[in-house]
2 protein chains.
Amino acid sequence: MLEARMPQGAILRKCIDAIKDLVTDGNFDCNDSGIALQAMDNSHVALVNLFLRASGFDPYRCDRNLTLGVNLGGFSKVLKCMGNDDVVTVKAEDDGDTVSLTFESKDGGRVSEFELKLVDIDSEHLGIPDTNYDAIVSMPASEFQRICRDLSVLGESVIIDVSKDGVKFSASGESGTGSITVKQGASVDKESEGTTINLNSAVQLTFSLKYLQNFSKATALADQVTLSLSADVPLLVEYTIGEVGYVRYYLAPKIGDEN
Amino acid sequence: MLEARMPQGAILRKCIDAIKDLVTDGNFDCNDSGIALQAMDNSHVALVNLFLRASGFDPYRCDRNLTLGVNLGGFSKVLKCMGNDDVVTVKAEDDGDTVSLTFESKDGGRVSEFELKLVDIDSEHLGIPDTNYDAIVSMPASEFQRICRDLSVLGESVIIDVSKDGVKFSASGESGTGSITVKQGASVDKESEGTTINLNSAVQLTFSLKYLQNFSKATALADQVTLSLSADVPLLVEYTIGEVGYVRYYLAPKIGDEN
DNA sequence: ACAAGGTTAT
DNA sequence: ATAACCTTGT
């Protein structure tokens, strides 16, 4: 059986909010190292990979490997019933057909119990090859979100252009064109507010803004986002959730002039 | 004639907002003790009872008993034209076909006058028997509202289960089941923030969440809500408006397995 | 920070 | 017609 208690339950809610618009149903693979979910998005264009380390829970217990197929819309609805500071406990029997969620207010005055029906999901578990990326950009997650939102006014696609001292995001459409350039090390007033670029070779790739906007739903989980790019390889957009785990999104670049 | 001046006019607006979604037209019965409205909701399932004491107005004058039939949607629209801190004066002639509303800003710098057409409403004035309830629960109004909203994502009905040391609200539906238990005396950090249970005998009754959510529109009027329950008797949901009066809602329990 | 209402975009 | 967003009040 699985029994995992997360003192900052809100993290779990934010994780599900960060992926539920991309993936309607997903398998949570639970083992002694933690809880992982990997799924293609509904239109099989992007890949989502969530991982929550066992050490992010207290306590964490998972005797046997378990796969919990969950409708993420329903999961999200249940998590909306949680108080903001609640402690969340996830439990599942080895052969049950439900997963149980318990929310407890910090003072213990309120206890909420929910049971979510499990669903069968046949998911191909794609291997993700380790890649040595040409360019790795870390920037404030909120800035990335803003850029995607702003450029989506202009067009469907964004060209991400990473060179030595900056990342340039540009889009164009009917009404005009625009670009936003973030310079390396800009606005390093506080830690984790700057932009750093790790470059092996300059890259210029085009991506769907709609997907990037969806990825940036994870902004609530992390101060920084990391974009890893290589020519002809899916972009990796990663949000690190403190010591607890991460959400990673993969998105293939648009090729040629398919707009 | 009626002439009733309410220094905190916003209370009147909140009262109407708290009932206008349930009742489209209602009779305001005015006499020297105050202003009362009693009406079945549009689908004749719930009963709404609003009372504003004469002492809640200053001054209050009502020479002869008057019944003012009002379309509450229109009333609400007019009240939306009021400033948040305005003083409201309600006036009606004995044989008029309108009611007049005056809004004055505290500093007297702005005076607004509205006239609302009266409508004829034939309303059966149901007697409400005094009941000795099996269980009386007082809890924070906002918490009750939150519980109704949360559980409504799961299903149409809520089972309210009152026992010695807690109230359990539970619901179930397609995607799963859930329950929220509030313990007696929990979180009594401040006055009027705790939950108290007055129990003669344990009760378990089922109600429509849609109606309870509608009742909880009165949350703006009071810190606490009181739920009074007895087997096979309508639930009473009461919001006390300071010294001014109250809004009471009555809702029959669902019986058997009608879901 | 939450909930309600209105407005707008799909 | 519905959903998402934005704004306002609690």
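The portion of the accessible surface of chain A made up by carbon and sulfur, rounded to a whole percent, is 45 (1.4 Å probe; DNA, RNA and ligands excluded). Cross-link reach is defined here as a Cα-Cα straight distance under 24 Å, omitting same-chain residues fewer than 8 places apart; for A:Lys254 the lysines meeting it are A:Lys20, A:Lys164, A:Lys168, A:Lys210, A:Lys217.
What's the center-to-center distance, using Cα atoms, between region A:112-130 and region A:224-253 in Å? Computed from Cα coordinates, the inter-centre distance equals 20 Å.
Averaged over the residues of A:101-112, the number of partner chain Cβ atoms lying within 10 Å of the residue Cβ comes to 5. Remark: region B:151-157, residue by residue, has Karplus-estimated 3J(HN,Hα) of 5, 5, 6, 8, x, 8, 10 Hz, where x stands for each Gly or Pro and the curve is 6.51 cos²θ - 1.76 cosθ + 1.60 at θ = phi - 60°.
Size of the dipole of the protein assembly as shown about the Cα centre, Lys and Arg at +1 and Asp and Glu at -1 on the beta carbon, nothing else charged, in debye to 20?
On the way: 46 positive and 78 negative charges, 173 e Å.
I would put it at about 820 debye.
Could you state the accessible area per residue of chain A in Å², with a 1.4 Å probe and every protein chain left in place? List each step's numbers first, then the result.
Values: 12240 Å² over 259 residues.
On a per-residue basis, 47 Å².
Our Cα-only numbers for the protein assembly as shown put the radius of gyration and Dmax at 29.2, 90 Å.
Taking the Cα centre of chain B as the origin, how large is its charge dipole in debye, to the nearest 20, when only Lys and Arg (+1) and Asp and Glu (-1) carry charge on their Cβ atoms?
Details: 23 positive and 39 negative charges, 135 e Å.
Using only the charged Cβ atoms, the result is roughly 640 debye.
Projecting the Cα atoms of A:Thr195, A:Leu37, A:Pro253 onto the charge dipole of the protein assembly as shown (Cβ charges, centred on the Cα centre) puts A:Thr195 farthest toward the positive pole.
Only protein heavy atoms count here, probed at 1.4 Å, and on that basis chains B and A bury about 1300 Å² of accessible area in total.
Relative to the dominant Cα principal axis of chain B, helix B:10-19 is inclined by about 50°.
Taking amide H as placed 1.01 Å from N in the peptide plane, B:Val119 has its amide H under 5 Å from the amide H of B:Gly69, B:Val70, B:Asn71, each at least 5 places away in sequence or on another chain. Placing +1 on the Cβ of every Lys and Arg and -1 on the Cβ of every Asp and Glu, with nothing else charged, gives region B:135-251 a dipole about its Cα centre of roughly 140 debye. Computed on protein heavy atoms with a 1.4 Å probe, the accessible areas place B:Asp150, A:Asp150 in the order A:Asp150, B:Asp150, largest first.
Dividing the alpha-carbon radius of gyration of region B:118-167 by 2.2 N^0.38 Å (N being the number of residues), what value is obtained? All intermediate terms of the calculation are to be shown ahead of the outcome.
Numbers: Rg = 16.7 Å, N = 50, 2.2 N^0.38 = 9.7 Å.
Region B:118-167 yields a ratio of 1.71.
When the charge dipole of the protein assembly as shown is built from unit charges on Cβ atoms (+1 for Lys and Arg, -1 for Asp and Glu) and taken about the Cα centre, the candidate among B:Val233, B:Ser142, B:Leu72 whose Cα reaches farthest toward its positive end is B:Ser142.
Assign one of three labels to chain B, namely rounded, prolate or oblate, based on the Cα gyration tensor with a ≥ b ≥ c the square roots of its eigenvalues; rounded applies when a/c is under 1.5, prolate when it is not and a/b is larger than b/c, and oblate otherwise.
Values: a/c = 2.09, a/b = 1.80, b/c = 1.16.
Prolate, because a/c is 1.5 or more and a/b exceeds b/c.
With a 10 Å cut-off around each Cβ of B:170-180, the average count of Cβ atoms from other chains is 6.
Computed from backbone phi with θ = phi - 60° and the Karplus coefficients 6.51, -1.76 and 1.60, the 3J(HN,Hα) list for region A:126-135 is 6, x, 10, x, 5, 10, 8, 7, 6, 8 Hz; x is used for glycine and proline. Peptides A:193-206, B:24-37, ordered by how many other C-beta atoms sit within 10 Å of their residues on average, highest first, read B:24-37, A:193-206. For region B:47-64, 3J(HN,Hα) computed residue by residue from phi via the Karplus equation (6.51, -1.76, 1.60; θ = phi - 60°) reads 10, 10, 9, 10, 9, 10, 5, 3, 5, x, 10, 7, x, 10, 9, 8, 5, 10 Hz, glycine and proline entered as x.
The values are calculated or read from the model by the stated rules, or taken from the named source; none is laboratory data. Nothing here was measured: the structure is a model prediction, and the numbers come from that model. A quick note on method: Cβ atoms are made from the backbone with ideal geometry, for glycine too, and the neighbour counts reach across all protein chains shown. Ligands, DNA and RNA are excluded from the accessible area calculation, which covers all protein heavy atoms including side chains. Shrake-Rupley method; radii C 1.70, N 1.55, O 1.52, S 1.80 Å.
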